[in-house]
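Heads up, the thing below is written out as structure tokens.
The values are calculated or read from the model by the stated rules, or taken from the named source; none is laboratory data. Note that this is a predicted model, so its numbers are computed, not measured. Virtual Cβ from ideal backbone geometry, glycine too; neighbours counted across all protein chains shown.
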Number of protein chains: 2
Amino acid sequence: MTIPNKNYANLKDSYLFYNISQKVKAYSAAHPDKRLYRLGIGDVSLPLPEVVIKALHEAVDEQANKDTFHGYMPECGAPFLRKTIATHYATHGVSINEDEVFVSSGASDELGDILDLFDKSNTALIMEPAYPAYVDANIMAGRIIIHLPSGIENGFLPEPPQNAKADIIYICSPNNPTGAVFDRKKLQKWVDFANENGSVIIFDAAYEAFIEDVVIPRSIFEIKGAKTCAIEICSLSKTAGFTGTRLGYTVIPKTLVRQNMNFNDMWVRNRTTKTNGVSYIIQKGAAAVFTPEGQKQIRDNISIYKNNAKMIMDALDKAGVWYTGGKNSPYVWMKVPDRFDSWGFFDYLLNETGIIGTPGAGFGGCGEGFFRFSAFGTPEDTKEAAKIMKELLIDLEVAHK
Amino acid sequence: MTIPNKNYANLKDSYLFYNISQKVKAYSAAHPDKRLYRLGIGDVSLPLPEVVIKALHEAVDEQANKDTFHGYMPECGAPFLRKTIATHYATHGVSINEDEVFVSSGASDELGDILDLFDKSNTALIMEPAYPAYVDANIMAGRIIIHLPSGIENGFLPEPPQNAKADIIYICSPNNPTGAVFDRKKLQKWVDFANENGSVIIFDAAYEAFIEDVVIPRSIFEIKGAKTCAIEICSLSKTAGFTGTRLGYTVIPKTLVRQNMNFNDMWVRNRTTKTNGVSYIIQKGAAAVFTPEGQKQIRDNISIYKNNAKMIMDALDKAGVWYTGGKNSPYVWMKVPDRFDSWGFFDYLLNETGIIGTPGAGFGGCGEGFFRFSAFGTPEDTKEAAKIMKELLIDLEVAHK
């Protein structure tokens, strides 16, 4: 008799984005002429850079001809791409070998798959608020989750807890949803904590391309000691508009060892068993991102998104509202006016203005009372929405006094 | 203290294809002028069909323009592709709904991922010889494996064992490596066994496109009762040359329930947590395979491979050697001449003729004494290799008498 994985019964249904879409649908039906400003979802709006499009076309053409056709790819990634990514790390002062780089179908895929390397008895320490998949993937595996709260008092950048049995530690910086970023000193504390306790950090660097301050590390491997305690999971989704094209990469240092088992070796074994690699076409497109021309083109796109973030920040600054993020991050995380909870503010904002954001309560308990804006909308929508929001928030403040 | 997944320590290293490549390298170095005939690997040699190439180019162009750009795809597959695949099943007389179809990055990826739905305490029944990943993925999860031997006596098509506690049952038909195919009657026995015992069959249909006999089922869902006991995992790798382009699909009926847990619902939950879907570009290319023109073009390619298989079979028939497969399958599985074991025959064949096959011992204990030829080589190589092999095998037989 087959026994299903009963841990699935412990999952809470996630209705966050479903509820948002139902509410937006109802609003649109009631107000068919009203303009909507979509600052909710974390998806990109700009197309792929030209240099990527060119590389994708060339790769498709190679697949049309038997002399240039590519069959099965190496399971851990095409050597040309692993090498390119290792070289890219070197330009940021991080020295890794190409066999420490693994090409993936995306960070979200890898964040789930990588957990296969860990025993079920490990606890997972997750800073709240958090990307919901961190929690759910560990519930599916039957792990105990330690929720580490964060808030205004620590700028949503919590310190390692005293005496916590934290085996797997999730760190997302720049953070989704809060936009908060760990500086070197704060991240060093976590690396030291992990090394002292024998923990492993899963470092989600999906938003690293938005970092501009030189004091903020773009990779955890800029931090001393990280190569004995961290796995870094990265993605081209937000860096180069690959959300629907799919490609990510993971760095597992050869020096990450626990109980005599080497995580790099284990991941090679996992990949050679459980995948036949990532599409040749997409890997060629990804390699183009790391060319000088590719880097220039993604910088152009990112500065459009960063300018969106700036418009949102300016509006909140003028309205005197507390927020994190926006500067080294595509997300702005604001405190909602006192009279609302986060869903209440969502409803009010939508119905009064047509602006769509994401209620903080959707990212775990600590998210209540906060609200996420994404900088991935169009500049036109964002500019108009920022203007409307500034006025609305000032009016709310005046009315409150 | 992080505890790694210690089941990895129970994996045997798989040196099959590595050993083959080392031996071929040594042979080439010693005989730089000798021609090699590559009938070993299961990779395709023909390029993607024209209709797929066209669809891929169009999809790349859509990603270049903000009005047609596609971001995040639905996690379970693009609706257009799920619908197309469900319709394709209907043309074979199998009625499934589009929400029973899940798009994947490939069968090998899915065969590993799908195990997340099962409790660790389940046993896995694996027919030997087998694709090595079936065994390894279950060892990684700590499951007990029941090896079910097969051989000449049952045509490598074993029947359900009496009194075996088989919770997860792997069936690959047409089989890799043996090329043997289950007919309806034989497959019905397995479906009945699974329903009686509450087992779940994982049906690997990666080679279904090679079936030509109408008495052979192309899908397990042609068998009565399969919708309450089976998951079918399929792929475009061999069907349409997608080995390096990557796309597969999985069918999980809504009626597959164990202990009140619905596997379709669970897989939706898994996908929405652990992936952001498959590349839009590749999904568009895949949809083109199912158009009338696409079906014609893949048939043309498959008949080239099938003709390769026929050339190998003819050679073995003329030499009077026992084999399975070749007819509804791209693999021919021959009994090696008595004086050799399978690696011994590999060495002899390579050194005498430059022909590369795959030793059966690489597919588990029951594979010893057998040898796999693949029909995915070029027609030129295969024709010449078949001729050489026929003569060699006849000479060996004569020498033996």
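Yes or no, residue by residue, for (1) under 30 Å from A:Ile388 (Cα atoms); (2) in contact (Cβ under 8 Å) with a residue 40 or more places away in the chain:
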{"site": "A:Pro74", "(1), (2)": "no, yes"}
{"site": "A:Asp109", "(1), (2)": "no, yes"}
{"site": "A:Asp119", "(1), (2)": "no, no"}
{"site": "A:Ala130", "(1), (2)": "yes, yes"}
Counting only residues that are touching a Phe, Trp or Tyr at 6+ places or on another chain (Cβ under 8 Å) and at the interface with chain B (Cβ under 7 Å from one of its Cβ atoms), which one in the range A:70-92 is nearest to A:Phe221 (Cα to Cα)? A:Met73
Matching residues, the range A:372-389, being farther than 17 Å from A:Pro337 by Cβ and not in a helix (DSSP H, G or I): A:Ser374, A:Ala375, A:Phe376, A:Gly377, A:Thr378
Looking at B:Asp99, B:Asp67, B:Asp43, can you tell me which residue is within 13 Å of another protein chain (Cβ to nearest Cβ) and at pLDDT 95 or above? B:Asp67
Do we find that A:Ala9 is within 11 Å of another protein chain (Cβ to nearest Cβ), among the small types (Gly, Ala, Ser), out of contact with any helix residue (DSSP H, G or I) (no Cβ under 8 Å at 6 or more places or on another chain) and in a helix (DSSP H, G or I) in this structure? yes
Being within 14 Å of chain B (Cβ to nearest Cβ) and of a type in the set (Asp, Glu) is the filter here, so list the residues in the range A:114-162 that pass it. A:Asp116, A:Asp119, A:Asp136
Within the range B:46-64, work out how many residues are within 20 Å of A:Thr239 (Cα to Cα) and either more than 8 Å from chain A (Cβ to nearest Cβ) or without any contact (Cβ under 8 Å) to a residue 12 or more places away in the chain (or both). 3
Among the numbered criteria (1) closer than 27 Å to A:Val52 by Cβ; (2) modelled with pLDDT under 95; (3) not aliphatic (A, V, I, L, M), which one does A:Asp338 miss? (1)
Do the conditions hold for B:Gly106, that is, is it under 25 Å from B:Val251 (Cα atoms) and at the interface with chain A (Cβ under 9 Å from one of its Cβ atoms)? yes
Residue pairs qualifying under the 9 Å Cβ cut-off, at least six apart or on distinct chains, with the first in the range A:186-215 being closer than 23 Å to A:Tyr131 by Cβ and in the same structural domain as A:Gly326 (by TED's automatic domain parsing) and the second being surrounded by 15 or more Cβ atoms within 10 Å (Cβ to Cβ) and at pLDDT 95 or above, are none
Can you confirm whether B:Asn19 is surrounded by fewer than 20 Cβ atoms within 10 Å (Cβ to Cβ), in a helix (DSSP H, G or I) and under 24 Å from the mean Cα position of the chain (by Cα)? yes
Listed by first then second residue, the pairs whose first member lies in the range A:306-317 and is more than 14 Å from A:Arg372 (Cβ to Cβ), whose partner is of a type in the set (A, V, I, L, M, F, W, C), with beta carbons under 8 Å and at least 6 positions apart or on separate chains, are A:Lys306/A:Phe210; A:Lys306/A:Ala375; A:Met311/A:Ala386; A:Asp314/A:Ala386; A:Ala315/A:Ala386; A:Ala315/A:Met389; A:Ala315/A:Leu393
All positions within the range B:237-257 that are more than 16 Å from B:Gln283 (Cα to Cα) and β-branched (Val, Ile, Thr): B:Val251, B:Ile252, B:Thr255, B:Val257
Residues satisfying the stated conditions in the range B:313-358, i.e. among the hydroxyl-bearing types (Ser, Thr, Tyr) and either in a strand (DSSP E or B) or under 18 Å from B:Ser28 (Cβ atoms) (or both): B:Tyr323, B:Thr324, B:Tyr331, B:Tyr348, B:Thr353, B:Thr358
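One line per residue, one yes/no per condition, for (1) at pLDDT 95 or above; (2) more than 21 Å from B:Leu11 (Cβ to Cβ); (3) hydroxyl-bearing (Ser, Thr, Tyr):
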| residue | (1), (2), (3) |
| --- | --- |
| B:His92 | no, yes, no |
| B:Leu111 | yes, no, no |
| B:Leu115 | yes, no, no |
| B:Pro132 | no, no, no |
| B:Asn138 | yes, no, no |
| B:Cys172 | yes, no, no |
| B:Asn176 | yes, no, no |
Per-region count, the range B:364-376, residues at pLDDT 95 or above and crowded, with 21+ Cβ neighbours inside 10 Å: 8
Identify, by number, the condition in (1) in contact (Cβ under 8 Å) with a residue 60 or more places away in the chain; (2) in a helix (DSSP H, G or I); (3) under 30 Å from B:Ala286 (Cα atoms) that B:Asp43 doesn't meet. (2)
So is B:Thr255 touching a residue at least 60 places away in the same chain (Cβ under 8 Å) and among the polar types (S, T, N, Q) or not? no
Select from the range B:182-198 the residues that are touching a Leu at 6+ places or on another chain (Cβ under 8 Å) and assigned to a loop (DSSP other than H, G, I, E, B) and list them in ascending order. B:Phe182
